[in-house]
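Okay, structure first, notes after.
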Amino acid sequence: MTETWVEPLGLMGGQAAAAALAADLALPLAGGPLAFSLVRLIGRDAPISPIPLTEVPEAWQSQVLALTRALPRFAGLEMPCESGRPLVMGVVNVTPDSFSDGGRGIADSIAAGHAMLEAGADLLDIGGESTRPGATPVAPEEECRRVLPVIRELAKAATISVDTRNAATMLAALEAGAEIVNDITALRHDPAAARVLARSEASVILMHMLGEDPRTMQQDPRYADVALEVAQFLADRVQAAERMGLKRDRLAVDPGIGFGKRLPHNLALMDRLPLLAGIGCPIVFGASRKRFLGTLAGIEQASARVLPSVAAALAAAGQGAAIIRVHDVAETVQALAIWNALASGFEASDES
């Protein structure tokens, strides 16, 4: 149990960050283009209100400095500390019943993956089981039948993540060319998963979900402090993964937007996303086309939630996300290009 947390606040980019860093009024977040000027200390005897960096007690300073350490590459891919922007992960669902884009067969999924890469995706996340609330579980054999041909083909062109909670699917997908395992249960579902991953060189995304069953995760979810509870869960799962033989530099964490959360929980997690930086792993963020965005924007059809999804992606980029998982790759890449120019302190020139 982590007894203390440091939550970076006052995040900024561009010229504001450069000026604050030069004046020693801010520190870089994870060595990237964003800087923070305030912190909230969470723990026994911690100040109630946020404080500037100059007022951080000596006992907390090592935790504050830990927030500035540049992240290592994840699955060989550059983190924002090198590239200046989050990675864009394209979602390829090879399922008949996904909430947003179900109904794709193998050939259509391969074509969709190539289109996402042409649009600028940095990596692809391929899944064969819908994990929307109430979805019927899929046997690993059927899951493999769906995803393995897609992985084999797309792995020739890109870094591939397999979205699965089943050890048998993990093993087969890694043999087919996947380099990342994205587990919505954070390695709680299948006891054999730890053995499969420890024997591999795969990187792993650990996600928070309330409970272990997507069919029941939305049944009256409750939290006292959703951001702190999610952060604590993920810190505990990172430590558990390390005990399983997975080094921390192979791990990323995902707060699980929409997985056992109501609208206020999702908004709180987005607002306090930098709290997860204290774990020391890349932050993966996936809110693309989710229902709460439709609720906020008044859009019922999931596939029509492109603009709200892009807005959420930009908000996450400004809160320190390292990987943003999206359905609408082209729109997200274009928006992030503008965000990156601003966050990196782009200097005006004669070009218009």
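Some notes on this structure:
- Of all residues in segment 155-171 being open to solvent by 10 Å² or more (accessible area, probe 1.4 Å) and in contact with a strand residue (DSSP E or B) (Cβ under 6 Å, 6 or more places away or on another chain), the one that is nearest to ARG199 (Cα to Cα): ARG165
- The set of residues in segment 272-327 being within 22 Å of ALA17 (Cβ to Cβ) and without any contact (Cβ under 8 Å) to a residue 24 or more places away in the chain consists of ALA311 alone.
- Any hit, segment 53-71, residues being assigned to a loop (DSSP other than H, G, I, E, B), farther than 30 Å from GLY120 by Cα, over 22 Å from the mean Cα position of the chain (by Cα) and in contact (Cβ under 8 Å) with a residue 24 or more places away in the chain: no
- Checked against the criteria, LEU25 counts as at pLDDT 95 or above, within 25 Å of ALA317 (Cβ to Cβ) and part of a loop (DSSP other than H, G, I, E, B).
- Residue list for segment 271-285, restricted to those being open to solvent by 30 Å² or more (accessible area, probe 1.4 Å) and either in a loop (DSSP other than H, G, I, E, B) or of a type outside the set (Asp, Glu) (or both): ARG272, GLY278, GLY280
- Criterion applied to GLY113, GLY84, GLY134, GLY90 was being open to solvent by 40 Å² or more (accessible area, probe 1.4 Å) and either at pLDDT 95 or above or on the phi > 0 side of the Ramachandran plot (or both), and the one residue passing it is GLY134.
- Within segment 201-229, the set of residues being part of a loop (DSSP other than H, G, I, E, B) and open to solvent by less than 30 Å² (accessible area, probe 1.4 Å) comprises ALA202, HIS208, MET209, PRO214, MET217, PRO221.
The values are calculated or read from the model by the stated rules, or taken from the named source; none is laboratory data. This one's a predicted model, so the numbers in the text were calculated from it and none came from an experiment. Note that we place each Cβ from the backbone using ideal geometry, even for glycine, and neighbour counts take in every protein chain shown. What goes into the accessible areas is simple: the full protein's heavy atoms, side chains included, and nothing from ligands, DNA or RNA. Shrake-Rupley method; radii C 1.70, N 1.55, O 1.52, S 1.80 Å.
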